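Read the structure below first, then the notes.
The values are calculated or read from the model by the stated rules, or taken from the named source; none is laboratory data. What you see is a predicted model; the values in this text were computed from it and never measured. Positions of Cβ are generated from backbone atoms using ideal geometry, with glycine treated the same way; all protein chains shown enter the neighbour counts. Heavy atoms of the whole protein, side chains included, go into the accessibility calculation; ligands, DNA and RNA do not. Shrake-Rupley method; radii C 1.70, N 1.55, O 1.52, S 1.80 Å.
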Amino acid sequence: MNCYKCGCSLSEKEFCTSCGADVARYKQVLGLSNAYYNEGLDKARIRDLTGAMSCLQLSLKLNKRNTNARNLLGLIYFEIGETVAALTEWVISKNYQPEKNLADDYIAKVQSNQAVLNKMDSAVHKYNQSLGYCGQGIYDMPAIQLRKIIQLNPKLLQARLLLSLLYIHSEKWEQAKEQLEICKSVDIGNITTNRFLQEVDEALGFENSKNAGKKQKETAVYMTSGNDTIIQPVNHKEMAGLHVFLNVFVGLLIGLIIGWFVLAPLRMNMENNSVAEELEGVREQLNTKITEAEDLKQRVEKLTADNEVMSEQLESYEGNSGVNEVYRNLLLALVEYNKGEGMDKMLIAGYLDAIDLEYVQNEASEEYLALYNMIKEKVGEYVASTYYESGNEALRNFDYATAITDLTKAVYYDPKNDSALYALANAYRENKDYENAKLIYEKVIELFPDSEKATKAQAYIAEMETT
């Protein structure tokens, strides 16, 4: 354990023997962080992954540099199929402890098999699509897609939970239970899994009791005689005598003779009436068929319209937008960054440029933002210099639109680059956009007040105000 102020090793005393800083509370915080890590490790060993994640997150809140806790949290994320979250934790861990860090091995193993990584990426993409369909009330297509997702990434716990929820919705209790049992074998502490399992077990118990009652009713007939109840099997057959058979046969024969000779006129009337009734029935059936045909036509028109809407939705989900795309671009930037000296910094910048800035500024999680800023900072100076050169060249060639675009990127990647900021203001001024030019010149004066560029910026502002 090292002093937070001077970095020297701490002794058992409550102050640093090197710089004299009070480290009593500091030791308590680190000790509590390690205690939460140990508790998380114990829960992970018995596969209570949800409980382990809660402990490890508390550990990291107390000490964000606890690389053991961060590495274990990454392993848990990887175990439940969330590869991007796992890589994020390992990269942050590697940033805090560059040497002798198990995170190096974890990252190398994940990146060594590009095919598996692509499958995991595809699984997350399809899972987001399925989630979107469910939100719109479409359930058949997500169920098919989720089964494919599980084949691509069997560890993706959220996909199995969503599939089990769809099975519950369609009352396929056995299939839902099968998926939930797999989820429970991965994480016994998952609250959602346990809640779904309780619902499924209750439903299965009700179905079994209902079927048992039905079976009992079918296999027996209950009769009451006084205070006694007589149970007689349904398939019980009483053996009849020969005389009973003969009596029935004679009765049928007499009935046929009477019907043929005595009731012939009545029979003819009935036949005529029957024909009329049949004609009326055919007429009614024809009208029914016509009505059904109209209904089918309307259904076909509705299904055609729904298909067009779903096709548009599918295209929108398969496009380069959505939460999955911002994770995908960051993951690609991370893969390229981890190549070390062989990385292509401009390719990394291309991936970062493709990420929606509104998501980064307003919606991104703390971990996502930390990873994004770390990569941006590492490549920022080189990328800013490259964009500055191309933007300055465009400015000399009077291509102001390209100049503004490239110089804006240069300033974004390296806000301390006074040359890029000053050149951007010049590009706006040359493009007759005096409002933006003035804003940028004022920023030059604010950030670099004692520089020659600040003096020139003041002169240009005065010149623009007189025009």
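Looking for whichever is within 30 Å of K94 (Cβ to Cβ) and hydrophobic (A, V, I, L, M, F, W, C) here; the options are A384, A459. Which one fits?
On the way: A459 fails: within 30 Å of K94 (Cβ to Cβ).
Exactly one residue qualifies, and that residue is A384.
Mind listing whichever residues of the stretch 325-341 are more than 21 Å from the chain's Cα centre (by Cα) and open to solvent by 60 Å² or more (accessible area, probe 1.4 Å)?
Matches in the stretch 325-341: K339, E341.
So which pairs qualify, if the first residue must be in the stretch 139-167 and surrounded by 16 or more Cβ atoms within 10 Å (Cβ to Cβ), the second must be part of a loop (DSSP other than H, G, I, E, B), the Cβ gap must be under 6 Å, and the two must be at least 6 apart or on different chains?
What qualifies is N153/G81; K155/G81; L156/G81; L157/I80; L157/G81; L166/Y139.
Of (1) touching a Gly at 6+ places or on another chain (Cβ under 7 Å); (2) outside any helix (DSSP H, G or I), D406 satisfies all except one. Which?
It is condition (2) that D406 fails.
For the structure I just gave you, tell me whether Y372 is part of a helix (DSSP H, G or I), out of contact with any Ser or Thr (no Cβ under 7 Å at 6 or more places or on another chain) and modelled with pLDDT of 90 or more. Break it down stepwise before answering.
On the way: part of a helix (DSSP H, G or I): yes; out of contact with any Ser or Thr (no Cβ under 7 Å at 6 or more places or on another chain): yes; modelled with pLDDT of 90 or more: no.
When the stated conditions are applied, Y372 does not pass them.
So in the stretch 443-467, with the set limited to residues that are touching a residue at least 24 places away in the same chain (Cβ under 8 Å) and small (G, A, S), which one is nearest to Y428 (Cα to Cα)?
A457
Could you tell me how many of the residues in the stretch 419-449 are in contact with a helix residue (DSSP H, G or I) (Cβ under 7 Å, 6 or more places away or on another chain) and either under 15 Å from Y382 (Cα atoms) or outside any helix (DSSP H, G or I) (or both)?
4
Select, from F78, F15, the only residue that is modelled with pLDDT under 80 and of a type in the set (F, W, Y).
Residue meeting the stated conditions: F15.
K155 versus (1) of a type outside the set (F, W, Y); (2) more than 27 Å from G51 (Cα to Cα); (3) not in a helix (DSSP H, G or I): which is the lone unmet condition?
(2)
For residues that are in a helix (DSSP H, G or I) and either at pLDDT 85 or above or open to solvent by less than 30 Å² (accessible area, probe 1.4 Å) (or both), tally how many sit in the stretch 342-365.
11
Looking only at residues in the stretch 373-399 that are farther than 13 Å from A410 by Cα and aliphatic (A, V, I, L, M), which one is surrounded by the most Cβ atoms within 10 Å (Cβ to Cβ)?
I375
If you go through the stretch 419-428 one residue at a time, how many are open to solvent by 30 Å² or more (accessible area, probe 1.4 Å) and either polar (S, T, N, Q) or at pLDDT below 90 (or both)?
1
For the stretch 32-49, what are the residues that are part of a helix (DSSP H, G or I) and surrounded by fewer than 18 Cβ atoms within 10 Å (Cβ to Cβ)? Walk me through how you get there before you give the answer.
Within the stretch 32-49, the subset part of a helix (DSSP H, G or I) is 32-45, 49.
Within the stretch 32-49, L32, N34, A35, N38, E39, L41, D42, R45 meet the criteria.
Check whether at least one residue in the stretch 383-395 is in a helix (DSSP H, G or I), within 30 Å of A423 (Cβ to Cβ), modelled with pLDDT of 80 or more and under 24 Å from the mean Cα position of the chain (by Cα), and report yes or no.
No, because not a single residue in the stretch 383-395 is in a helix (DSSP H, G or I), within 30 Å of A423 (Cβ to Cβ), modelled with pLDDT of 80 or more and under 24 Å from the mean Cα position of the chain (by Cα).
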